[in-house]
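The values are calculated or read from the model by the stated rules, or taken from the named source; none is laboratory data. Since the model is a prediction, treat every value here as computed from it, not as a measurement. Here the Cβ positions follow ideal geometry from the backbone for every residue, glycine too, while neighbour counts run over all protein chains shown.
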Amino acid sequence: MIHFGNKQSRKKSTARQPKYRDRQQTVHGPPRAEPSRPRRDSHVKQAVDQPGWRIWVRRLPITIAATAIFISFIVTLVLDVSSAQVRVVTRADSVLDDKLIEKIVNENAYQESFQSELKNRILNRNKLTIQSGDIAADLMAAYPEIARAEIRFGIVDRLPVLHITLREPHLAIEEEDRLLLLDRRGVAFASIENENTVPEGIIKLEDSAFPGSDVGEQILPAETIDFIDQLVHQFRAKDVQVAMIALPAIANELHIQVEGDDYVGKFDITGDARLQAGAFFATRDRVAENNETPNEYIDVRVIGRTYLR
């Protein structure tokens, strides 16, 4: 006879088994107690409880360093106006010689004007607010010989330096008691005594069309300058030495006299320089072969026709 046991034994057998973790804890003893963590509010309370002077002392080195950096930065921004300097430079291909530069340049006047521009406006005493463009424009207007003005200073250096580039003389208009120097655009930028010789490469021009011209004025238009350049180039290409170039008081007329000739060539500024120069050379060679020497001029202003007198 088979006995299945009583109810109680079955209940005990079907009782829920403890979890593995519980059995492990039972075998090895009670669980470890986790280390207690300090509460955050305790640190805050400790910081609050500290005296204020200790916190200030701890922050003092950082405060001093930050203040020193800020003051140094402010100091480097302030320009040393009283020590401002001027440097005059010329282009690498400049035709200016030392003698002519000495006649044109006035560095003391440049420096006084530069320092005055810096002192008269508070904004010009600071690197961040200096109005370099206005200063350059004012100096160029006051001194026509200045072609370009640029203010330079270092990041740390407080000394402002004005770099001045001079205009290059292209023409020299000869008057009774002076030479008026013109740049390539026809602007008169300097006046020197007539006994001074101009450097080689500067075209010397006798001008009767604009008496009483002054420095800073536009004496000749750019078109006239271009025509003279082209005409002189034609003469130099033929190895013909020009003794004199003149602008008479006649509209659009230009005279050129070759060394050794007693007459001049008449040219039209509004015409073609190359064609007129070719007509002049051809006529000059022909009259030399025929032993016919003009007394006054060879006029080639009309293309296809040549007039002698």
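Considering segment 192-218 alone, what residues qualify as being at pLDDT 85 or above and under 16 Å from Ile245 (Cα atoms)?
Once the filter is applied, which keeps residues that are at pLDDT 85 or above and under 16 Å from Ile245 (Cα atoms), segment 192-218 yields Ile202, Ile203, Lys204, Leu205.
If I ask for residues that are surrounded by 14 or more Cβ atoms within 10 Å (Cβ to Cβ) and among the charged types (D, E, K, R), which ones from segment 122-146 would you list?
Arg125, Lys127, Asp138, Glu145
I'd like the full set of residues that are among the hydrophobic types (A, V, I, L, M, F, W, C), free of Cβ contacts under 8 Å to residues at least 24 places away in the same chain and in contact with a Ser or Thr (Cβ under 7 Å, 6 or more places away or on another chain), limited to segment 250-309.
Correct list: Val287 only.
Of Ile228, Ile250, which residue is surrounded by 12 or more Cβ atoms within 10 Å (Cβ to Cβ) and under 23 Å from His170 (Cα atoms)?
Ile228
Of the conditions (1) at pLDDT 85 or above; (2) of a type in the set (D, E, K, R); (3) over 24 Å from Tyr143 (Cα atoms), Asp49 fails just one. Which one is it?
(1)
In the list Asp226, Asp207, which residue meets the criterion of being of a type outside the set (Val, Ile, Thr) and out of contact with any Leu (no Cβ under 7 Å at 6 or more places or on another chain)?
None of the others qualify; the one that does is Asp226.
What's the number of the condition Arg236 fails, among (1) free of Cβ contacts under 8 Å to residues at least 24 places away in the same chain; (2) in a helix (DSSP H, G or I); (3) surrounded by 13 or more Cβ atoms within 10 Å (Cβ to Cβ)?
(3)
Applying the selection to segment 70-92, what residues are over 28 Å from Ala147 (Cα atoms) and either touching a His at 6+ places or on another chain (Cβ under 6 Å) or modelled with pLDDT under 65 (or both)?
The answer is Phe70, Ile71, Ser72, Phe73, Ile74, Val75.
Would you kindly identify the strands (runs of 3 or more DSSP E) lying entirely within segment 67-175 that contain at least 3 residues that are touching an Asp or Glu at 6+ places or on another chain (Cβ under 9 Å) and either among the hydroxyl-bearing types (Ser, Thr, Tyr) or under 30 Å from Ala243 (Cα atoms) (or both)?
Strands (runs of 3 or more DSSP E) meeting the threshold: 171-174.
Glu200 - would you say it is touching a residue at least 24 places away in the same chain (Cβ under 8 Å), surrounded by fewer than 14 Cβ atoms within 10 Å (Cβ to Cβ) and of a type in the set (Asp, Glu)?
The answer is yes for Glu200.
Which one of Ser213, Ser191 is assigned to a loop (DSSP other than H, G, I, E, B) and either buried (at least 17 other Cβ atoms within 10 Å of the Cβ) or touching an Asp or Glu at 6+ places or on another chain (Cβ under 7 Å) (or both)?
The conditions single out Ser213.
Where residues in segment 260-306 are assigned to a helix (DSSP H, G or I) and among the charged types (D, E, K, R), which of them is nearest to the chain's Cα centre (by Cα)?
In this case the residue turns out to be Arg274.
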